[in-house]
Structure formats: structure tokens, C-alpha cells
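The values are calculated or read from the model by the stated rules, or taken from the named source; none is laboratory data. Predicted, not measured: the structure shown is a model, and the values here were computed from it. Ideal geometry is used to build each Cβ from the backbone, glycine not excepted, and the neighbour counts take in all protein chains shown. To get the accessible areas, we keep the full protein, side chains included, count just its heavy atoms, and leave off ligands, DNA and RNA. Shrake-Rupley method; radii C 1.70, N 1.55, O 1.52, S 1.80 Å.
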Amino acid sequence: MPRFVASPFRRDRGRAVAVVFAVCAALSVAAPAAAAPMSPSVIGEPSNGGGVFRFPQAIGVTPGGSTVFVGDEYSGMVQAFDRAGGAKFTIGYRATRREDGRLGVVGGVATDRSGHVYVLDSENDRVQVFDASDGHHLASFGDASVFDLVGGNSATGAGISAGGIAVSQPTADGAPVVFVADQGRDRVARFALDQTTLMPTGPPQTSSPGLGLAAPQGLALDPAATRLYVADDDNHRIVVLDPVSLAQIAQFGSFGTGPGQFRNPYDVAVDSHEPPQLYVADNLNNRVDVFDAATFGFMATFGRTGYGPGVGNFEIVRAVGALTGVPGGGVDAADTANNRIQAFDAAGSITAAWGLPGRGPGYVTRPRGVAIGADGSLAVADSFDQRIELFGADGTYAGQRGQVSPFTGFATQGSNPGQYSLPAGVAYDTGGNLWVADTGNDRVSELDPSGTVIRTTPGFARPLAVATSADGTYVADTNHNRVVLIKPDGTSEPIGPAFAHPAAVAIDPATGRAVVADDTSVRDVGTGTTMAGPDGAGWDHPAGLAFDAAGTLYVSERRPGTPDGARVLRRAAGGAWERIAGEGPGDGDVVEPGGLAVTPDGGTLYVADTGNNRVTRFDTPGRTPPATATLTVAIDQMARGSVVSDVPGIACVTDCRQRLSRGSRVTLTATISPGSILAGWTGACAAAGAAPACTISMDGDQSAGAAFAPAPAPAPVVTTPRPVPPAPARIAAVHMGARVLHLARRADRRRHRPARRATRAKVTVTLTRPATLTVAVLAGRPGRRQGSSCLTPARANHRGRPCTRFVSTARRRTIAAPAAAATFTLTPAFAGPPLTPGSYRLAITALDPQGNRVGPVTKLFRVVR
């Protein structure tokens with residue numbers, strides 16, 4: 001079957017390369033001209049804002065609760081919502097050069113009484129202040145000499161903990177005081193700000209090392225600003241400080257899962273409930289713990305452990321934002337691993353929930369590479385989501401490659417076959433196999449069209465890109481500063497000169513050779529000839545390369561040393577450089593652009609827009625993306641049920657929207673909470689009535705709703721009284737006329753003994769009800785005592801006291817007792833020949849007409865001569 005390669009090529013390697021590079025050397029060094037407009041669109045789902053979260057870990061709520069600010073770990077922004085979760089606006093976008101107004105990893109968000117929102121921009125070791133009404137930037141302070149806020153490497157998403165922030169401002173016209181939990185320095189810092197400039201009036205006051213804080217995270221003040229609560233993460237406790245002196249007032253909590261215990265508490269918040277309630281984001285216990293803010297007495301726990309769309313379940317709780325100035329109080333909690341916010345009133349009832357998982361179907365997080373398949377479909381190296389995500393030619397989600405957790409439903413990082421760690425580069429070969437630069441695992445994998453791993457080649461150091469050709473697959477072996485060719489037979493060898501951190505590789509159609517981008521150049525890997533950039537001979541961290549069939553070269557360049565310098569360029573063979581995109585968060589802008597892929601005719605370009613968490617499609621005039629259809633689902637009572645789709649994407653209570661291919665069919669299934677019922681479907685599912693599932697044809701945009709209701713009270717059960725069965729028969733008494741039975745004997749004149757008949761003893765059995773009796777004879781035998789038992793003599797018990805044990809014999813009779821009584825005669829010849837002298841027991845059992853068996857009742861007797 002024919003396969004599409006990033007660009008066709010010829011095997012001739014003679015004068016063509018000289019012509020190409022002669023043209024490159026003659027290019028003007030003027031700034032690139034604007035290219036003919038290419039229309040941008042986003043592949044998959046909307047990338048940022050609108051409730052899309054990538055591990056939210058900071059919440060701030062304005063006094064009165066009108067606006068909820070959520071800081072998102074990997075999106076580089078703070079999103080503003082109303083109390084019900086309706087999106088208002090966003091603050092910032094990903095910072096690459098510590099730009100004011102742009103953000104890295106967000107560690108904390110807080111508000112004051114005069115309309116400001118304070119953001120702890122932890123990745124950049126600073127505090128930024130914004131207007132709370134529209135998000136425009138007002139001030140910034142702090143750097144690495146003041147703070148050490150990010151634990152782990154933010155470039156790899158590893159182990160980030162980011163500190164916290166709180167603001168004290170007793171009145172709207174007073175000067176704010178900002179408190180920062182500096183987790184890297186194990187302390188709390190206090191800044192007094194100028195009321196006008198919102199900048200510190202002097203160096204910070206810091207808490208004493210004697211407090212023993214260990215990676216403190218969240219901070220909160222009580223309503224009167226007389227107590228500062230600190231989530232002392234690694235000590236599994238809450239520390240209470242004086243907000244003026246930062247001296248310790250109290251502490252409580254310990255490691256564990258019980259009431260009042262914590263596992264890495266990550267944030268704290270105090271509401272305006274009466275009395276005020278202290279909420280603790282009990283991170284790894286997956287819950288919110290509630291305490292009396294004054295006495296620290298444990299009150300309740302909100303939530304339960306669990307992934308999935310149903311509300312009330314949490315998976316990693318990183319932030320809480322309490323309602324102040326709101327009667328009754330309450331709290332918003334970041335359900336971080338479920339990528340959503342859940343709002344509770346002070347009693348623990350859920351009042352709202354919102355959030356779309358940025359690692360779900362159709363979303364990407366820091367994508368680094370993109371490749372086009374033979375049918376126009378896409379493969380995307382979705383780096384921070386630890387997977388290769390697949391999209392159809394229309395840009396809708398089509399699957400993923402990676403190891404998916406059965407618990408979370410998301411791909412997990414690791415080194416198993418078919419599992420990835422920060423994958424960065426992808427390319428299809430002519431056979432339709434997909435090659436992956438598995439960056440964090442220092443290897444390259446080859447997958448067949450079904451996703452099965454065919455081959456894994458180790459030995460690389462952070463490989464960032466791959467490109468396929470008839471000669472094999474070229475690998476940008478980044479930290480080894482070289483390019484390696486994996487040949488069709490599986491052997492590999494370095495190719496070309498040394499490079500400075502090669503980050504991109506593409507095949508030039510004019511020569512069939514690889515062209516490589518490193519920190520400062522774009523070069524032919526075979527000849528080392530440099531392609532001059534638009535600003536002269538040098539390049540500043542180009543990160544993506546692609547050629548179309550006509551030889552037009554496309555380059556993404558990050559330019560970290562140039563303000564707003566990121567851009568995407570193209571240059572036709574023999575032409576001048578043109579700019580396709582510049583830096584920014586808007587449609588058609590890029591931030592930290594990565595890999596590129598272009599259709600052979602040059603009509604469509606795909607850009608891995610790493611910093612904006614999206615893949616952008618650029619189309620030349622006259623070309624438009626294929627039409628898709630959007631499915632929207634609504635639920636009327638979120639606590640009573642949820643809805644999921646069999647085509648992945650809908651997991652509604654909160655993830656209720658997905659783009660799908662036109663003409664596709666999707667089945668929605670309702671999951672009903674205990675005590676609830678599905679009252680019926682609405683919209684496109686109305687015809688399904690109250691059936692548990694409905695199927696929709698996506699011929700255009702569709703909407704459907706699920707109405708849930710309380711389960712009706714069960715109807716009273718009317719039962720006919722059944723006759724009460726009689727009580728089981730019971731042996732009330734056994735009376736035996738004699739306990740010693742003499743054997744019969746003949747007269748013996750010599751011994752002067754007269755003849756004697758055998759003893760006849762009358763036995764009367766009295767029962768509570770008529771029954772049938774079974775009378776058996778047990779024979780006494782010598783035994784030895786072992787513990788409380790009389791056992792057969794043996795070596796093991798030969799020292800035990802002698803005893804008599806009784807064993808069953810074949811002597812037994814069945815006797816009817818129709819009048820609840822029976823009488824029979826016991827003689828030495830009972831039910832057989834005469835018994836030999838010795839000890840015996842009579843064992844009597846009774847069986848009544850209902851099948852109840854009782855007994856045995858035993859009576860001891862002896863037989864003598």
C-alpha cells in the first residue's frame with residue numbers, strides 16, 4: 001500500500017545540492033516578509049481556557065465569591081470563572097523569557113479587597129499582580145535570589161511542587177501584605193506592599209528556620225487576619241503563625257489516613273462560616289478535611305477517592321479556595337488529577353463542578369512533534385501526556401499509542417514496550433510504520449499501523465526528532481550532539497558533522513539527504529553546508545523543519561533571546577524568507593513552536609505549538625479543513641448521574657463537549673447514582689425515552705440531555721401471613737425403670753443359686769410433640785484420657801488416666817410416639833443377642849413430622865451376670 005512521507009525525494013546527489021546551497025548563500029539578510037495569509041485552525045479540541053485544565057493546583061476567590069480564579073500547572077495561565085463555573089476571561093499565557101504578564105507553573109492565587117489578583121508564578125520565582133476585573137498586568141516582584149519555588153524540572157513536568165500565596169488587606173483602602181510559602185527554602189516570606197505601586201516597600205520578613213517547615217505549600221488567613229495557616233506539606237501538619245511576627249502559635253495533624261491526619265497537605269483556606277471553617281487540601285488522601293478554624297477540632301471530610309466523571313470523588317487535591325464575605329461560607333476544591341473544580345457549601349453538598357481534562361481525547365499538552373500519514377491523518381507527539389495521539393484527516397480524535405492506566409483512563413509515563421516518557425518526534429515511513437523519538441527513555445521506537453512495537457533502538461541521549469528516507473531513519477540524538485542513521489537492517493551509525501543539540505531533521509526532496517537544525521544553524525547532514533537564515537547566517541534555536549514536494553523549506557524558530565521572537569517561516573527554493581506565524585497566544589500565533597509537517601503540495605502546514613498546548617493547522621487560500629460536527633451533552637442533576645460516550649470524549653458531568661467526524665455514530669450511556677433514576681433523554685436522544693443508552697448520528701452538530709430524578713419510594717409489600725409452623729419436637733424426659741440389668745441364669749444347686757430371668761426395665765420417653773424415636777445402644781470400651789477427651793489407648797496417651805469411651809453398635813430400634821410419649825422394654829437382649837457384662841448407654845433421638853431432629857438424649861446402664 002502506498003505511504004505518505006513528509007516530502008518526496010530524489011536519490012541524485014550531485015549538482016543539485018550545490019545549486020540549492022548556492023541559492024541559500026545568496027539570500028537577503030533582511031527581515032522576512034509576511035507570507036500570503038494562511039488560515040489557522042486548531043486540531044482536536046479547543047486548547048486553552050474555557051475550563052480546560054492541565055493539573056489545576058491554585059484557587060483564589062474574590063471577597064463575596066463573584067469570581068473564582070484557577071491557576072493551572074501546565075497551561076501557563078490563570079482562568080477566571082463565575083460561581084457556577086462559567087468562563088469569564090484568562091490571565092497570561094506561557095512565559096519563555098520571564099515576560100511580565102505571562103506565566104510559567106502557577107503555585108498559588110490570592111485576591112485582596114481592592115480588586116487585585118496575586119499570582120505566584122513559581123516557575124519564574126516571582127509574584128505577579130493583575131486586575132481582578134479583566135486580568136491586565138499591574139506589577140511583578142521577586143526572582144531566584146528571593147524565592148526557590150519549583151521542585152523538580154518544569155521542562156519535563158517532573159515532581160513539581162510550587163508553594164502558595166495569601167494576602168492580608170483589612171480594608172479596601174489599606175496597603176496589602178503578601179505572604180508566600182517558599183517551599184524550596186522551607187520558609188514563609190512576608191512582603192508589605194505599597195498601596196499604589198503594589199511593589200514591596202522593602203526586603204521580605206521571613207519565618208525562623210526553627211519552625212522546621214518542610215516544603216510548605218498553601219497559605220490562608222482567618223477573616224480577622226489574626227492567624228496565618230500553613231500547609232506544612234512534608235511534615236504532614238498544619239502550622240499556625242502570627243501574621244505580624246511569623247512566630248508559631250499552634251500546630252496540629254500527623255501522618256495518616258484517619259480523621260485529623262494528613263498525607264502531604266497541599267493547601268488551606270478559611271471561609272466566613274460562623275464559626276469559620278478551615279479547609280485542608282489533603283493531597284494524597286484525595287479529600288478535603290474540615291476543621292473549626294479557632295479550635296482546630298476535626299469536623300468532617302468532603303469527597304471520596306476515585307477517578308471518573310461522577311461528582312464527589314477526588315483524585316489528588318492540590319488547592320482549596322474558601323468563600324469569604326458569603327453567608328454560610330463554603331469552599332472550591334481543585335480535583336487536580338481529574339482536571340476539574342468542585343464547589344461545596346459548608347455542609348459538604350456539591351453546588352457546582354466544571355473542568356475539561358487537557359490530557360483527554362483530542363487535547364494535547366506541550367506537543368513537540370507532528371507527522372502526516374498517507375491518508376492525511378496525523379500523529380502527534382503529545383509530550384507531557386506521555387503518548388502519541390492520533391487524529392483523522394478532519395482533525396478529530398482517532399486514538400492514541402501508549403500505556404493507558406486502567407484506573408485513570410489516561411496514558412502513563414514509563415519505559416515498558418509501547419510506553420513513553422516525554423515523546424518529542426514522530427515520522428511515518430513509506431511502509432506506514434510510525435517512528436517515535438522517545439525522548440525521556442533515550443530510545444527510538446518503530447510501530448506498525450496497529451500500534452505494535454516492531455523495533456526499539458536504545459543508546460540515544462534525549463533524542464528530539466526523527467525523519468524517514470529510503471536510506472533509513474535519521475535521529476536527532478540531541479544530547480550526544482550528533483545525527484544517527486538507523487538503517488533498514490536495524491544497524492545504526494552517526495552521520496555528518498557534530499551538531500550543537502540537534503532538535504529537528506527533515507529530508508530535502510532535491511537531494512534525498514537529511515537537513516538538521518541545531519542551536520544556531522540549519523545544515524545539510526551530509527555536506528555540512530549551512531542554510532542562511534532570514535536575519536543572516538545564524539539561527540536561534542530552530543526546533544522544527546519540513547519540506548514540501550516543491551522544495552519549499554519550513555522552519556519553526558524559538559529565538560529565546562529575542563522578545564516575542566518565536567516564529568514560523570518558509571522559503572521557496574530560490575525565494576526569500578516569509579513569516580507564517582509570530583509569537584503570541586492568539587489564533588495563528590505560536591509559543592515555543594516545535595515540530596512541523598506539511599502536505600506534499602504545500603497547501604497545509606501543521607505546527608506543534610508547544611507553549612500554547614495545541615497543534616495548529618495553516619491552510620493556503622482556497623483550502624479549508626474538512627467539516628466536523630460537535631456533540632454537546634447536558635445533565636440536569638449532576639449528583640444523580642453521569643454520561644459517557646463510546647467514541648471517547650464525553651465524560652459528563654463536566655467534560656460534555658467533543659468534536660466528531662461528520663457521519664460518525666456515537667452511543668451515549670448514562671450511569672445512575674444510588675438512589676436515582678434516569679427520567680429520560682432530551683434533544684437528539686429524546687426518542688430513547690428512559691433507556692440507559694442512546695445512539696446519535698453525527699450528520700451535523702448535535703445536543704442531547706440526560707434528566708435524572710430521585711428514585712421513587714418502593715411500593716409497600718403486601719404479604720399474606722404464613723402459618724406459623726409448630727415448634728420442633730423436644731425430648732422432655734426419659735425415665736428408665738432400672739439402671740442395672742441382670743443376665744438370665746439357670747439354677748446351680750452346687751452353688752445354691754436359684755434360676756433368674758433377665759432384668760426387664762421399662763423405659764418411658766416423654767416428648768413435646770408426636771415424633772418417631774430411634775433408640776441405639778452404645779457400648780463402653782476402655783480408654784485413656786487425653787485432655788478433655790477419652791480416646792482409644794495408644795502410645796501417645798498411655799500415661800493418661802483410664803476412662804470409659806462409648807462406641808456405636810448395630811443395636812437400634814425405631815419406635816413410634818404418636819401421642820407425644822412412648823414406652824418400651826429394655827433387656828440385655830435389646831435388639832439382638834444378650835449383651836456381655838459391661839457399661840452401656842442408651843442414645844435416644846427424635847424426628848418430628850416437619851423433619852426436625854433432636855437428640856440424642858443418653859442414659860447410662862450396666863449389664864451384670
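Any chance you could count how many residues in segment 389-433 are outside any loop (DSSP other than H, G, I, E, B), surrounded by 23 or more Cβ atoms within 10 Å (Cβ to Cβ) and either modelled with pLDDT under 95 or not aromatic (Phe, Trp, Tyr) (or both)?
5
All but one of (1) surrounded by fewer than 21 Cβ atoms within 10 Å (Cβ to Cβ); (2) at pLDDT 95 or above; (3) of a type in the set (S, T, N, Q) hold for THR719; state the number of the condition that does not hold.
So the condition that THR719 fails would be (2).
Right, ARG811: open to solvent by less than 90 Å² (accessible area, probe 1.4 Å) and modelled with pLDDT under 90 or not? Walk me through how you get there before you give the answer.
On the way: open to solvent by less than 90 Å² (accessible area, probe 1.4 Å): yes; modelled with pLDDT under 90: no.
Answer is no for this residue.
For segment 471-503, what are the residues that are assigned to a strand (DSSP E or B), surrounded by fewer than 24 Cβ atoms within 10 Å (Cβ to Cβ) and among the acidic types (Asp, Glu)?
Within segment 471-503, GLU493 is the sole residue that qualifies.
When segment 362-388 is examined, which residues are found to be part of a strand (DSSP E or B), in contact (Cβ under 8 Å) with a residue 40 or more places away in the chain, closer than 24 Å to GLY440 by Cβ and open to solvent by less than 30 Å² (accessible area, probe 1.4 Å)? First the steps, then the outcome.
Taking segment 362-388 as the starting set, the residues that turn out to be part of a strand (DSSP E or B) are 367-372, 378-382, 387-388.
Still in the list and also in contact (Cβ under 8 Å) with a residue 40 or more places away in the chain: 367-372, 378-382, 388.
Next cut, closer than 24 Å to GLY440 by Cβ only: 367-371, 378-382, 388.
Within segment 362-388, PRO367, GLY369, VAL370, ALA371, LEU378, ALA379, VAL380, ALA381, ASP382, ILE388 meet the criteria.
Answer yes if at least one residue in segment 750-769 is free of Cβ contacts under 8 Å to residues at least 40 places away in the same chain and part of a strand (DSSP E or B), and no otherwise.
Quick first cut of segment 750-769, residues free of Cβ contacts under 8 Å to residues at least 40 places away in the same chain only: 750-757.
Filter once more, so that each one left must be part of a strand (DSSP E or B): 753, 756.
Within segment 750-769 (the criterion being free of Cβ contacts under 8 Å to residues at least 40 places away in the same chain and part of a strand (DSSP E or B)), the answer is yes, since at least one residue qualifies.
Yes/no per residue for (1) under 29 Å from THR351 (Cβ atoms); (2) over 30 Å from the mean Cα position of the chain (by Cα); (3) of a type outside the set (A, V, I, L, M); (4) not in a loop (DSSP other than H, G, I, E, B):
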site: THR624; (1), (2), (3), (4): no, yes, yes, no
site: ALA629; (1), (2), (3), (4): no, no, no, yes
site: THR632; (1), (2), (3), (4): yes, no, yes, yes
site: ALA687; (1), (2), (3), (4): no, yes, no, yes
site: THR695; (1), (2), (3), (4): no, no, yes, yes
site: SER703; (1), (2), (3), (4): yes, no, yes, yes
site: ALA707; (1), (2), (3), (4): yes, no, no, yes
site: PRO714; (1), (2), (3), (4): no, yes, yes, no
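Return the residue satisfying two criteria in turn: it lies in segment 523-553 and is more than 41 Å from the chain's Cα centre (by Cα) and closer than 19 Å to VAL484 by Cα, and of such residues it is surrounded by the fewest Cβ atoms within 10 Å (Cβ to Cβ).
GLY528
What pairs can you find where one residue is in segment 98-122 and within 20 Å of SER145 (Cβ to Cβ), the other is in a loop (DSSP other than H, G, I, E, B) and polar (S, T, N, Q), and their Cβ atoms are less than 6 Å apart, with a gap of 6+ or different chains?
Correct list of pairs: VAL105/SER154.
Being under 40 Å from the mean Cα position of the chain (by Cα) and either among the hydrophobic types (A, V, I, L, M, F, W, C) or modelled with pLDDT under 95 (or both): is that true of ILE507 here? Walk me through it before giving the result.
Details: under 40 Å from the mean Cα position of the chain (by Cα): yes; either among the hydrophobic types (A, V, I, L, M, F, W, C) or modelled with pLDDT under 95 (or both): yes.
Yes: the conditions hold for ILE507.
Restricting to segment 301-318, and then to whatever is in contact (Cβ under 8 Å) with a residue 40 or more places away in the chain and of a type in the set (D, E, K, R), can you tell me which residue is surrounded by the most Cβ atoms within 10 Å (Cβ to Cβ)? If you could, list the steps in order and put the result at the bottom.
Restricting attention to segment 301-318, the residues satisfying the condition of being in contact (Cβ under 8 Å) with a residue 40 or more places away in the chain are 301-302, 307-312, 315, 317-318.
Okay, now just the ones that are also of a type in the set (D, E, K, R), so 315, 318.
Numbers: GLU315: 17, ARG318: 26.
That would be ARG318.
Of all the residues that make up segment 661-684, how many are within 28 Å of ILE43 (Cα to Cα) and either in contact (Cβ under 8 Å) with a residue 40 or more places away in the chain or not β-branched (Val, Ile, Thr) (or both)?
Start the filter on segment 661-684 by keeping residues that are within 28 Å of ILE43 (Cα to Cα), which leaves 661-669, 683-684.
Filter again for either in contact (Cβ under 8 Å) with a residue 40 or more places away in the chain or not β-branched (Val, Ile, Thr) (or both), leaving 661-665, 668, 683-684.
Looking only at that region, the number is 8.
Of all strands (runs of 3 or more DSSP E) completely enclosed by segment 248-329, which ones contain at least 1 residues that are among the aromatic types (Phe, Trp, Tyr) and in contact with an Asp or Glu (Cβ under 9 Å, 6 or more places away or on another chain)? Can you show your working first?
Values: elements: 248-252, 265-270, 277-282, 287-292, 298-302, 317-322.
Of the strands (runs of 3 or more DSSP E) lying wholly inside segment 248-329, those with at least 1 residues that are among the aromatic types (Phe, Trp, Tyr) and in contact with an Asp or Glu (Cβ under 9 Å, 6 or more places away or on another chain) span 265-270, 277-282, 298-302.
Return the only residue of PRO818, PRO856 being under 26 Å from PRO770 (Cβ atoms) and either open to solvent by less than 50 Å² (accessible area, probe 1.4 Å) or at pLDDT below 90 (or both).
Details: PRO856 fails: either open to solvent by less than 50 Å² (accessible area, probe 1.4 Å) or at pLDDT below 90 (or both).
The match here is PRO818.
Report every pair of residues separated by at least 6 positions or lying on different chains whose Cβ atoms are under 7 Å apart, first residue within segment 607-626 and on the phi < 0 side of the Ramachandran plot and touching a residue at least 24 places away in the same chain (Cβ under 8 Å), second acidic (Asp, Glu) and open to solvent by less than 40 Å² (accessible area, probe 1.4 Å).
That search, which allows pairs on different chains as well, returns VAL615/ASP609; THR616/ASP609; PRO625/ASP394; PRO625/ASP619; PRO626/ASP394.
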